[in-house]
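These notes are about the structure you will find just below.
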Amino acid sequence: MKKKFVTTAIAYANGNPHLGHAYEFVLSDTISRFHKTWLKQDTFFLTGMDEHGQKIFEKAKSENIDVKDFISKYAEIFKNLDQKLSVNYDRFIRTTDKDHYEVCKKLWMKMFETGDLYQKEYIGLYCVGCEGFKTEKDLDENGECPDHLKKPIELKEKNWFFKLSKYENFLKEKIESGKLKIIPEFRKNEMLEFIKNGLQDVSFSRSKELMNWGIPVPNDDTQVMYVWADALTNYITGAKVFSENENDQKNFQEFWQDGETLHVIGKDILRFHSLYWPAMLYSACLEIPKEILVHGFITSQGQKMSKSLGNVVLPDEILDLYKKMGEEKSILGENFSSEVFRYFFLKNINSHDDGDFTFERMKELYNADLANGLGNLVNRVVKLSEKYLEVKTDFPRIDLEKDFPDFAKSMKDYDVMNTMNFIWKIINSCDEYMQKNEPFKVIKVDIEAGKKHLEFLREQVYTAARLLNAFMPTTSETVKKIIKENKMPEKPLFPRYE
Ligand code: MSP
C-alpha cells in the first residue's frame, strides 16, 4: 500500500492563531488519523510555521522584539494550540530549522541548473499582507489588495526570477487530467481559468539591502529567497529530500516520490500551491503533489472576521468557554473542550466551502447532537444494559469498505462533514429504535426479547464510537470503554449546556 503524506499550510508567525488555523489543523489531523487507523496506511502528518518575510520582520520591529524571539513565541503558541485540539502531528517544522535552510539552497541550485532562475529588474507592486506580487488587475477599485484592504508598496529592485511561464502547458495538463487533483472541482476550474490568462514569471528573491529576513540565495550574496519559495519548500524538507542518510532517502522515495501526497490549504493560497509549487518541483526533477484539498474560510456572524467589525473569534475563546464545563461536569475532563471544538467544526462546516461560526449556533448544536444526541443515547443504553446484560467484551470486527462503503468513500473524498453525518445517522436511528421498541418496557415483561434489543443497541453505539475515532478521539475511546465495561460513568459525557 502506498504511503500517505498529509500537510497543513504553515502559519505566518506574526500573530495569534485564528479560527481558520484551528479549523485547518483539526481537518488535516482528522484526515491523517483516518488514513492511519482505518486504512492502516503508513501516514506522515506535517505542520508548522512560516517564519521569514517582510510581514514578520516588520511586525517584530514594530513591537521592538528581536525577530528570533518573536517567532519562537508564536511557534510555542501554535504548538500549544495543536495540543489543546488533540492535533497529532509527526513533525512541527519551522522554516528557521537548519535542515530547511539546506534543502532550500539545494532546491534553488537545482532550479538554477535547469535554467529556470534568471536575474531581472523588478518594478511593480507588492502586498506585504499576502507576501505576494500584484498586478493592477488583482486590486480593487481603490487600488487596494482586496484581502488586506491596503495599497501595495511599489518595489524596484534587481531580483532573481523563476520561469513560471515556461510551465503553463505542463500545469494545465496536470490539473486538467487530475494528475494534480484539486478538490473541490470548482477550485480546479478556477485555476484552469487563471492559467488561460497566461502565467507570468515570478520574482523569487528580495534584495538583502531592503529586506534581509530570509534564507540567503546560494549563488548571490546580495539576495534572500522570496518567502513563498522558502515556505513551499517546507513540504519536501519534512519529507527528507536531498538527505545523505539511507533511511531518509527511502522515506523520501516512499512518502513523497511514490506516495499519496496531500496538501490541505485555504482558498486564498491555492495559486501558490497549484502553480508555483508543482512548477518548482518539476524544474528540480521531483514529483509534484498528488492532491490539494482547498477549504473555505470560517466567517463569524456571516461576515469575514475583522478587527474593525469586532467579530473576530479566537480558538482559545471557544476552548476556554467549554473547558470549565468539561472539567467540572464531564467524564471527558480536560479533553472535553477539544472534543466539542472538533465536533462543531468537523460536523457543521462543509470542508469544501466557507462556513460560519457563532457561539449561539455552537451551543444549539452541542445540545442537540452531543448532550441530547450521543451523550443521552449512551446514558440510556448503559443504564439498562448495566442492569440487565452480562459484560460482553467482543464486538464484531468492522471491515470499513465492506460494512460502511459510503462512509469510506466519503472520507476518501475528504468530505468530512458528510462522513460525520453517517455517524449521526446511526445515533439517530438508535434513538428511533428505542422509541419504537421501548426496550425499557419490554425487558420487564419479556426479559429475553428486551435483552436482544439492548444487545443490538449496545453494538450500534459501540460501532458509532469506533467510527468516531478520527474525528473525536477521546470520545471514541471513552464510549468504547463505557460500553465494554458495561458501567455507568460517574459523570455524563456531554452535560446539557444551559
Ligand atoms: N504562510 C502562508 C502559508 C504557507 S504554506 C507553504 C499563509 N499563512 S496564514 O497564516 O496566513 O494562513 C495559514 C492557513 O490558514 C492557510 O491555509 C489559510 O488559507 C488559512 N486561513 C486563513 N484565514 C482563514 C479563515 N478565516 N478561515 C479558514 N482558513 C483561513 O498563508
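No lab work stands behind these numbers, since they all come straight from the coordinates. The structure presented is a predicted model; accordingly, all values stated were derived computationally and were not measured. Backbone-built Cβ (ideal geometry, glycine too); neighbour counts: all protein chains shown.
Amide H to amide H under 5 Å from ILE93: which residues, 5+ apart in sequence or cross-chain, H placed 1.01 Å off N in plane?
HN-HN under 5 Å from ILE93: THR47, GLY48, MET49.
Expected output is a single nm value to one decimal: the length gained when fully extending between ASP354 and ILE65, i.e. 0.36 nm times separation in residues minus the C-alpha distance. What is it? Working shown, then result.
Values: separation 289, 0.36 × 289 = 104.04 nm, distance 3.54 nm.
Full extension from ASP354 to ILE65 adds 100.5 nm.
Quick one: work out Rg over Rh on the C-alpha atoms of segment 151-308, Rh as Kirkwood radius. Write out the running numbers ahead of the final one.
Working: Rg = 17.4 Å, Rh = 17.5 Å.
We get a ratio of 1.00 for segment 151-308.
Around GLU157, under 13 Å between beta carbons, what's the net of Lys plus Arg minus Asp minus Glu among the other residues? Mind showing how you got there, number by number?
Working: positive: LYS120, LYS156, LYS158, ARG206, LYS208; negative: GLU121, GLU154, GLU209, ASP220.
That works out to +1.
Pop a pseudo-label 7 angstrom from the Cα along the beta-carbon direction at both GLN119 and CYS285 and give the gap in nm to one decimal.
In this crude spin-label approximation the distance works out to 2.7 nm.
Over every pair of different alpha-carbon atoms in segment 1-42, take the mean of 1/r and invert it; report that Kirkwood radius in Å.
On the way: mean 1/r = 0.0864 Å⁻¹.
Hydrodynamic radius (Kirkwood, Cα only) of segment 1-42 equals 11.6 Å.
Given bins 5 angstrom wide, list per bin the percent of all Cα-Cα distances in segment 223-326, short to long.
The calculated distribution, bin by bin, is 2, 10, 15, 16, 13, 12, 10, 9, 8, 4, 1.
Give me the net charge for the shell around ASN88: Cβ to Cβ below 11 angstrom, other residues only, Lys and Arg +1, Asp and Glu -1.
Details: positive: ARG33, LYS36; negative: ASP29, ASP82, ASP90.
Net of charged neighbours comes to -1.
Return the distance in nm (one decimal) between the two label points of a simple spin-label model at ASP201 and ASP90, each offset 7 Å from Cα along Cα→Cβ.
3.8
Given the peptides 275-285, 44-54, arrange them by the average over their residues of other C-beta atoms within 10 Å, most packed first. Each step should come with its number before you reach the end.
Values: 275-285: 21.2, 44-54: 25.3.
Descending packing order for the listed peptides: 44-54, 275-285.
For the chain, what is the mean residue ellipticity at 222 nm derived from helices alone (per DSSP H run of n ≥ 4: -39500 (n - 2.57); sum divided by total residues; nearest 500 deg cm²/dmol)?
Working: 19 runs with 233 residues, N = 498.
When only DSSP H runs of four or more count, the value is -14500 deg cm²/dmol.
Please list the non-local residues whose amide H lies under 5 Å from the amide H of SER351, H modeled 1.01 Å from N, same-chain partners needing a gap of 5 or more.
Result for SER351 returns VAL416, MET417.
For the ranges 343-354, 142-153, 127-138, 19-30, what's the packing order if you count other beta-carbon atoms within 10 Å of each residue, average per peptide, and put the highest first?
Working: 343-354: 20.2, 142-153: 14.1, 127-138: 16.0, 19-30: 24.5.
Highest mean packing first, the order is 19-30, 343-354, 127-138, 142-153.
Sort segment 346-445 into rounded, prolate or oblate with this rule: let a ≥ b ≥ c be the square roots of the eigenvalues of the Cα gyration tensor; rounded if a/c is under 1.5, and if a/c is not under 1.5, prolate when a/b is larger than b/c, oblate otherwise. Provide the component values of the computation, followed by the final result.
Details: a/c = 2.83, a/b = 1.47, b/c = 1.92.
Oblate, since a/c reaches 1.5 and b/c is not below a/b.
Name the residues of segment 431-465 whose amide N is less than 13 Å from a point 7 angstrom out from the Cα of GLU390 along the C-beta direction?
none
Over all alpha-carbon pairs of segment 341-388, lay out the pair-distance distribution in 10 Å bins, whole %, shortest bin first.
Result, from short to long distances: 23, 40, 22, 12, 3 percent.
What shape does segment 97-197 have by the C-alpha gyration tensor, where a ≥ b ≥ c are the square roots of the eigenvalues, rounded means a/c under 1.5, and otherwise prolate means a/b greater than b/c and oblate the rest? If you can, show how the numbers build up before the last one.
Numbers: a/c = 1.68, a/b = 1.04, b/c = 1.61.
In terms of gyration-tensor shape, oblate.
Report, by chain and number, residues whose modeled amide H sits under 5 Å from the one on SER300, excluding near sequence neighbours (fewer than 5 apart, same chain).
MET305, PHE357
For segment 268-281, in order, what is each residue's ³J(HN,Hα) by Karplus, 6.51 cos²θ - 1.76 cosθ + 1.60 with θ = phi - 60°, in whole Hz (x at glycine and Pro)?
Each residue's phi maps through the Karplus curve to give 6, 10, 5, 4, 4, 7, 9, 10, 4, 5, x, 5, 4, 5 Hz.
With N denoting the number of residues in segment 230-276, provide Rg(C-alpha) divided by 2.2 N^0.38 Å, to two decimal places. List each step's numbers first, then the result.
Details: Rg = 12.2 Å, N = 47, 2.2 N^0.38 = 9.5 Å.
Working it through for segment 230-276, the quotient is 1.29.
Please find the FRET efficiency linking ASP42 to LYS402, where r is the Cβ-Cβ separation and R0 is fixed at 22 Å, and quote it to the nearest 0.05. Walk me through the intermediate numbers first.
Numbers: r = 22 Å, r/R0 = 1.01.
Here the calculated transfer efficiency is 0.50.
Over 20 Å intervals from 0, what percent of Cα-Cα pairs in the chain sits in each interval?
Using 20 Å bins, I get a P(r) of 21, 51, 23, 5, 0 for the chain.
Using the alpha carbon gyration tensor of segment 1-78, what are the three equivalent-ellipsoid semi-axes (square root of 5 times each eigenvalue), largest first, in whole Å?
Numbers: eigenvalues 205, 26, 14 Å².
Gyration-tensor ellipsoid for segment 1-78: 32, 11, 9 Å.
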